[in-house]
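Step one of this worksheet: look at the structure below.
The values are calculated or read from the model by the stated rules, or taken from the named source; none is laboratory data. No experiment lies behind these values; they were computed from the predicted model shown. Neighbour counts run over all protein chains shown; Cβ positions are idealised from the backbone, glycine included. In case anyone asks, the SASA skips ligands and DNA or RNA and just uses the protein heavy atoms, side chains included. Shrake-Rupley method; radii C 1.70, N 1.55, O 1.52, S 1.80 Å.
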Amino acid sequence: MAMRAKLRRSRFGRVLVVYRTMRQIGVREMAKEIGISAATISRIERGHAMDATTLIRVWQWLIEPAQEGE
């Protein structure tokens, strides 16, 4: 079971990298938009676990449309 959870986190991290790249922003800018540290973003992208609050913030960032001109 633990292996499955790690695999899901790893996939989520890769999705995060893709979306961030599509929005053409760096880790620091993404972290600022979400309201969490750049180190946390980096850990998530590498497949590390996150708490529920962080997951919600990241999920909201993923589903909101990118702001044009920002």
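Toward the positive end of the charge dipole of the chain, about the Cα centre and with charges on Cβ (Lys, Arg +1; Asp, Glu -1), which of SER10, MET30, THR54 goes farthest?
So the residue furthest toward the plus end is SER10.
For the chain, what is the charge dipole size about the Cα centre, in debye to the nearest 20, if Lys and Arg each add +1 at the Cβ and Asp and Glu each add -1 at the Cβ?
Dipole about the Cα centre, nearest 20: 540 debye.
Calculate, axis by axis, the spread of Cα positions in the chain along the three principal axes, and write the results as whole Å, longest axis first.
Taking max minus min along each principal axis of the Cα atoms, the chain gives 43, 20, 19 Å.
Taking a probe of 1.4 Å, how large is the accessible area per residue of the stretch 1-62, in Å²? Display every interim value, and only then the final one.
Working: 4280 Å² over 62 residues.
With all protein chains present, the stretch 1-62 gives 69 Å² per residue.
Roughly how many percent of the accessible protein surface of the stretch 1-66 is carbon and sulfur, given a 1.4 Å probe and a whole-percent answer?
58
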